[in-house]
Amino acid sequence: MSILSRFKRKKVESEGSQVDIFNKETEGLSQGQIVRRRFLRHRGAIISLITLSGILIFVFSALNFQLGPLKYHGWWKYSYTEQPELRTQGCPQFLSGCPTLSLNPFSKAFGLGDHPFGQDDIGRDYFALVMRGAQRSILVMFIIGAVAGLIGTVVGAISGFYRGKIDAILMRFTDFVITIPTIIIGSVIGFHFGNLGATFLALYLGLFTWTGLSRLVRGEFLSLREREFVDAARVAGASDRRIIFKHILPNAVGVIIVSVTLIMSSAILLETGLSYLGFGVVSPDVSLGLLISQYQDSFTTRPWLFWYPGIFIIVIALCVNFIGDGLRDAFDPRQRRRISRKERATARQISRAEKSAS
Amino acid sequence: MLAYIGRRISILIVILFGSSFILYNLAAISGDPLEGLRGSTDPKVKNEVAALIHQLQLNVPPPARYFIWLKHLLSGNLGLTRSGNAVSTELGQAIPVTIRLIFMATLIAVVLGIGLGIVSALRQYSRFDYAMTFVSFLLYSLPIFWVAVLLKQYLAISFNNFLGSAVISPWWIAGFSVVSGIFWAAVISGDRKRVFTIFGIAGAATAVVLSFLSATKWFAHPGLGPIMIPAMGIGIAYAVTFLSTGLGNIAARNSALAVVALGEISYFPTQYIFNKYPGPLAIFLLACVAIGLAVAVGFLFAKEDRGPVIRTSVLTSILLGIIILIDKLMKTWVPYVNTDAVNNRPIPTISESNSLLAPGHFWFSFLDILLHVFLPTIALTLISFAGYVRYSRGTLLEVMNQDYIRTARAKGLTERTVIMRHAFRNTLIPLTTIIVVDFAGIIGGAIITERVFGWQGMGTLFNNAITNFDLTLLMGVFFVTSSLAVLANLVADLLYSYLDPRIRVVSK
């Protein structure tokens with residue numbers, strides 16, 4: 001009945017009009033609350049958010065890792081460097097290291113088994129390898145998102161806010177970075193410094209993927225700085241810093257968050273692509289793209305070596321994309337949600353009742 | 001306007017200069033071309049090192065070396081690769097291959113993407129819309145090399161096996177029928193009864209067609225023949241008329257049908273020309289004749305307002321021509337498949353052409369090229385079309401909310417006119433610029449695709465350049481791709497201001 005009571009508070013003018021329903025819904029809510037509500041209503045985004053968090057916890061808790069003096073013991077028994085004996089028992093003829101994962105609850109082998117995703121050529125546990133690869137890929141994705149988000153926001157904000165000469169210089173610099181295709185620069189650096197690790201790879205890829213974001217942020221700043229509330233703040237004597245951080249940035253945060261998620265989803269594909277070419281994460285470290293490139297020829301004989309890393313890439317990228325879509329819907333005031341037939345009928349009913357009452 | 005273009009180009013040249021300088025130095029300091037030779041103490045190797053240092057001018061520091069390269073570039077000389085070939089000839093061989101790789105893919109992705117995006121927008125919040133959103137996000141998240149392996153397995157190897165018998169199993173027929181039923185029901189949509197009717201009709205039609213194809217082993221001996229062509233032609237004529245002018249325009253419909261009739265009459269003469277004078281020139285001339293005839297037909301049928309009628313008949317004639325060409329290629333299929341070079345495995349998984357195929361037979365090599373383009377095109381299309389779906393959907397939704405759409409509806413225009421003339425045209429404005437920029441971007445992005453499918457294009461050159469520390473080759477590739485990217489941006493800006501009169505470039 002809550003919807004009904006909300007409708008009753010104010011007179012509904014046209015019968016079940018969309019705008020009315022929206023206005024009723026957002027009445028008396030702060031911007032943050034509206035955004036949160038809209039996001040929570042986007043089913044795909046919520047499912048993706050839950051899935052992605054689940055994957056993050058699952059993947060990062062599986063293996064041992066060390067952070068300075070802190071040592072963490074993962075719940076998975078093998079590490080990605082260990083080489084247990086190759087299992088041939090129970091596999092089809094001429095094959096070794098087949099997966100033991102069984103999803104059939106009636107079979108005896110139900111459960112994870114010893115090597116749920118099988119083993120690679122030299123017997124390394126493929127589950128541990130995929131976990132390690134997913135860790136690397138996710139790490140790279142977040143670092144690229146953070147670096148590109150930071151640079152893009154700073155460059156876009158400065159050039160949008162100060163305009164004039166600074167804007168011209170910064171935007172020419174942006175054009176300049178755009179002309180260098182990311183995959184080319186990534187390959188050039190990756191080929192020569194590939195062994196410095198995934199973190200370094202992510203850092204320098206972040207240095208080249210911020211261009212789109214900076215253009216968007218600049219546009220947002222250009223239009224926001226002409227608004228009345230900015231003028232008011234300026235008249236009240238606010239400093240540039242205060243105007244930027246307190247008045248404009250909070251209004252531009254939607255654009256920033258949405259395009260950072262999009263950068264992240266393309267970052268994971270960029271990393272896997274570079275690793276596939278051999279210019280990204282290199283052996284002995286593991287990444288999902290590297291696993292696929294190493295085992296693509298075994299697709300016909302040992303398909304599990306191909307499927308599992310691919311599925312992880314797709315699920316992660318898909319989740320990030322959906323979260324980005326949900327955020328865009330939530331932040332964009334022009335986006336209209338679908339109004340269900342039930343809501344429309346309720347609104348109509350109320351307006352009719354009010355008409356007959358008056 | 002000219003001043004504006006001139007200023008833009010001069011800025012672009014400066015940008016290109018800067019980025020090439022950075023890339024050159026980055027590549028030069030990050031690798032040592034003599035790495036493999038340094039450790040050796042063999043005097044012979046020492047001589048070799050000295051020769052290499054001289055050849056690659058390694059004693060000159062990289063920033064200075066860059067200017068030597070630039071000097072050569074300005075005089076039109078891209079230099080030599082390490083193996084001694086001219087970079088320009090290598091690029092000259094690679095560029096057409098890459099363009100062949102991406103051209104079809106971009107074209108199909110654009111047409112399909114825009115089409116599905118528009119349907120999706122017109123059916124906003126329907127099941128079809130949600131399904132399209134999901135599919136496009138899924139495709140967006142696919143790594144191309146992963147898709148490529150799947151395509152090679154299922155569309156090439158399994159399909160070649162299937163061609164051995166060319167009998168479609170009943171399960172597949174059932175599956176395809178259900179899928180097509182769902183698809184068409186979702187696209188056309190309506191109330192429940194109508195949805196079920198459409199589902200039944202589309203599913204049954206698919207089942208019948210597939211059973212027929214299976215029973216006649218059509219896939220092993222494909223062809224359309226003089227019966228199917230007019231049938232499809234009439235369908236095309238109606239579809240084109242519907243989209244271009246609306247079926248109410250009798251003159252347009254009749255002229256489209258007349259074009260189909262002309263195409264049917266000239267079917268056998270065309271076949272004769274195809275066989276007698278094989279080659280691109282004959283095809284081109286025939287296409288010119290077809291379009292010329294279509295213009296004439298449109299001119300004859302229309303009493304007034306000739307433009308739309310002529311447009312309809314020309315579009316019909318182009319589509320009909322493509323079908324006649326496909327028919328000819330299908331006729332080439334059986335002899336092509338039976339050649340020793342192909343040996344009954346027509347869908348290839350790697351390389352850009354079959355080197356074993358005896359040269360000289362135009363239709364064989366034409367079909368060969370098309371078949372080699374087949375898999376990479378599908379892979380690239382799948383990846384890039386998702387973006388167009390999302391973008392055209394978003395743009396059309398935005399346009400449909402505009403006041404001029406409401407005005408058009410209020411004037412009493414039909415929904416077709418509102419969508420095709422008022423909404424669709426305005427959707428195309430931002431899309432054009434995106435397409436132009438994308439096309440340039442794909443050339444750089446086809447590196448992975450080329451690697452997966454074993455093509456010898458720009459991507460391979462680039463790969464070789466990096467792994468062999470071949471600086472001149474690397475710079476050559478970079479020069480082409482980045483100039484294209486920069487030019488595409490310029491063209492996009494100009495197109496934008498040309499298409500949208502509200503945006504005018506400020507020429508100071």
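The values are calculated or read from the model by the stated rules, or taken from the named source; none is laboratory data. Here the structure is a predicted model, which means the values were calculated and not measured. Backbone-built Cβ (ideal geometry, glycine too); neighbour counts: all protein chains shown.
Residue pairs whose Cβ atoms lie under 7 Å apart, separated by 6 or more positions or on different chains, with the first residue in the range B:50-76 and closer than 14 Å to B:Met475 by Cβ and the second of a type in the set (Lys, Arg) and part of a helix (DSSP H, G or I), are B:Gln57/B:Arg65. Quick one: would you say B:Phe268 is under 23 Å from B:Ile227 (Cβ atoms) and aromatic (Phe, Trp, Tyr)? Yes.
Results for (1) at pLDDT below 85; (2) hydroxyl-bearing (Ser, Thr, Tyr); (3) closer than 20 Å to B:Gly92 by Cβ; (4) under 17 Å from the mean Cα position of the chain (by Cα), shown as yes or no for each residue.
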| site | (1), (2), (3), (4) |
| --- | --- |
| B:Pro430 | yes, no, no, no |
| B:Thr433 | yes, yes, no, yes |
| B:Val436 | yes, no, no, yes |
| B:Phe439 | yes, no, yes, yes |
| B:Ile442 | yes, no, yes, yes |
| B:Ile447 | yes, no, yes, yes |
| B:Leu461 | no, no, yes, no |
| B:Asn468 | yes, no, yes, no |
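Looking at A:Val253, A:Val260, just one residue is away from chain B (no Cβ under 14 Å) and farther than 14 Å from A:Phe221 by Cα, and that residue is A:Val260. Restricting B:Gln153, B:Gln124 to those that are surrounded by fewer than 17 Cβ atoms within 10 Å (Cβ to Cβ), without any contact (Cβ under 8 Å) to a residue 24 or more places away in the chain, within 14 Å of chain A (Cβ to nearest Cβ) and in contact with a helix residue (DSSP H, G or I) (Cβ under 7 Å, 6 or more places away or on another chain) reduces the list to B:Gln153. For the range B:226-241, a tally of residues being closer than 16 Å to B:Ile318 by Cα and touching a residue at least 12 places away in the same chain (Cβ under 8 Å) returns 10. Evaluate the range B:180-189: report whether one residue or more is under 25 Å from the mean Cα position of the chain (by Cα), without any contact (Cβ under 8 Å) to a residue 60 or more places away in the chain, within 14 Å of chain A (Cβ to nearest Cβ) and surrounded by 16 or more Cβ atoms within 10 Å (Cβ to Cβ). Checking the range B:180-189: not a single residue is under 25 Å from the mean Cα position of the chain (by Cα), without any contact (Cβ under 8 Å) to a residue 60 or more places away in the chain, within 14 Å of chain A (Cβ to nearest Cβ) and surrounded by 16 or more Cβ atoms within 10 Å (Cβ to Cβ).
Taking B:Lys46, is it loosely packed, with under 14 Cβ neighbours inside 10 Å and at pLDDT below 85? Yes, satisfied.
Of the residues making up the range A:267-293, just one is acidic (Asp, Glu) and either buried (at least 24 other Cβ atoms within 10 Å of the Cβ) or at the interface with chain B (Cβ under 10 Å from one of its Cβ atoms) (or both), namely A:Glu271.
Filter the range A:295-327 down to the residues that are farther than 30 Å from A:Arg37 by Cβ and either crowded, with 24+ Cβ neighbours inside 10 Å or in contact (Cβ under 8 Å) with a residue 12 or more places away in the chain (or both) and list them by number. Residues satisfying the conditions are A:Tyr295, A:Thr301, A:Arg302, A:Trp304, A:Leu305, A:Phe306, A:Tyr308, A:Pro309, A:Gly310, A:Phe312, A:Ile313. Kindly evaluate A:Phe245 against the criterion of being in a helix (DSSP H, G or I), loosely packed, with under 14 Cβ neighbours inside 10 Å and modelled with pLDDT of 85 or more. Considered against the rule, which asks whether it is in a helix (DSSP H, G or I), loosely packed, with under 14 Cβ neighbours inside 10 Å and modelled with pLDDT of 85 or more, A:Phe245 comes out as yes. The criterion of at least 2 residues that are within 14 Å of another protein chain (Cβ to nearest Cβ), free of Cβ contacts under 8 Å to residues at least 12 places away in the same chain and over 24 Å from A:Phe279 (Cβ atoms) is met by the following helices (runs of 4 or more DSSP H) wholly inside the range A:133-234: A:164-179.
From the list B:Thr381, B:Thr395, B:Thr377, which residue is hydroxyl-bearing (Ser, Thr, Tyr) and over 23 Å from B:Ala148 (Cβ atoms)?
Details: B:Thr381 fails: over 23 Å from B:Ala148 (Cβ atoms); B:Thr377 fails: over 23 Å from B:Ala148 (Cβ atoms).
Going through B:Thr381, B:Thr395, B:Thr377 in turn, the sole match is B:Thr395.
Of all residues in the range A:86-130, those being surrounded by fewer than 12 Cβ atoms within 10 Å (Cβ to Cβ) and under 25 Å from A:Phe65 (Cβ atoms) number 1.
Of all residues in the range A:67-97, those satisfying the criterion of being touching a residue at least 60 places away in the same chain (Cβ under 8 Å) and out of contact with any strand residue (DSSP E or B) (no Cβ under 8 Å at 6 or more places or on another chain) are A:Thr81, A:Leu95.
Filtered by the rule that a residue be over 23 Å from B:Leu138 (Cα atoms) and touching a residue at least 24 places away in the same chain (Cβ under 8 Å), the range A:42-64 gives A:Phe60, A:Ala62, A:Leu63.
Of note, B:Thr349 does not satisfy the criterion of being surrounded by 16 or more Cβ atoms within 10 Å (Cβ to Cβ) and part of a helix (DSSP H, G or I). Picking from residues in the range A:99-125 that are in contact (Cβ under 8 Å) with a residue 40 or more places away in the chain and touching a helix residue (DSSP H, G or I) at 6+ places or on another chain (Cβ under 7 Å), the one that is nearest to A:Phe312 (Cα to Cα) is A:Phe117. Answer yes or no: is there a residue in the range B:432-449 that is within 30 Å of B:Leu58 (Cβ to Cβ) and either buried (at least 19 other Cβ atoms within 10 Å of the Cβ) or free of Cβ contacts under 8 Å to residues at least 24 places away in the same chain (or both). Checked against the condition, which is being within 30 Å of B:Leu58 (Cβ to Cβ) and either buried (at least 19 other Cβ atoms within 10 Å of the Cβ) or free of Cβ contacts under 8 Å to residues at least 24 places away in the same chain (or both), the range B:432-449 yields at least one hit.
Counting only residues that are within 8 Å of chain A (Cβ to nearest Cβ) and under 15 Å from B:Ser384 (Cβ atoms), how many does the range B:130-144 have? So that I can check it myself, show each step before the final result.
Here is the first cut: in the range B:130-144, the residues within 8 Å of chain A (Cβ to nearest Cβ) are B:133-134, B:137-138, B:140-144.
With under 15 Å from B:Ser384 (Cβ atoms) added as a condition, the list becomes B:137-138, B:140-144.
Number satisfying all stated conditions: 7.
Per the listing B:Asn426, B:Asn463, the residue uniquely in a helix (DSSP H, G or I), within 13 Å of another protein chain (Cβ to nearest Cβ), surrounded by 19 or more Cβ atoms within 10 Å (Cβ to Cβ) and without any contact (Cβ under 8 Å) to a residue 40 or more places away in the chain is B:Asn463. Taking B:Gly321, is it touching a Leu at 6+ places or on another chain (Cβ under 9 Å) and either aliphatic (A, V, I, L, M) or closer than 20 Å to B:Tyr277 by Cβ (or both)? Answer is yes for this residue.
At least 2 residues being under 23 Å from the mean Cα position of the chain (by Cα) is the threshold, and among the helices (runs of 4 or more DSSP H) wholly inside the range B:60-166 those reaching it are B:87-122, B:127-140, B:144-151.
Only a single item in (1) farther than 22 Å from B:Leu471 by Cα; (2) of a type outside the set (D, E, K, R); (3) more than 14 Å from chain A (Cβ to nearest Cβ) is not met by B:Asn77, and it is number (1).
Taking B:Phe219, is it under 25 Å from B:Phe424 (Cβ atoms) and free of Cβ contacts under 8 Å to residues at least 60 places away in the same chain? Walk me through it before giving the result.
Values: under 25 Å from B:Phe424 (Cβ atoms): no; free of Cβ contacts under 8 Å to residues at least 60 places away in the same chain: yes.
Answer is no for this residue.
Close contacts from the range B:390-401, counting a first residue that is within 13 Å of chain A (Cβ to nearest Cβ) and a second that is among the aliphatic types (A, V, I, L, M), with Cβ to Cβ under 6 Å and a gap of 6+ residues or different chains, come to B:Arg393/B:Ala121; B:Leu397/B:Ala121; B:Val399/B:Ala423; B:Met400/B:Ala423.
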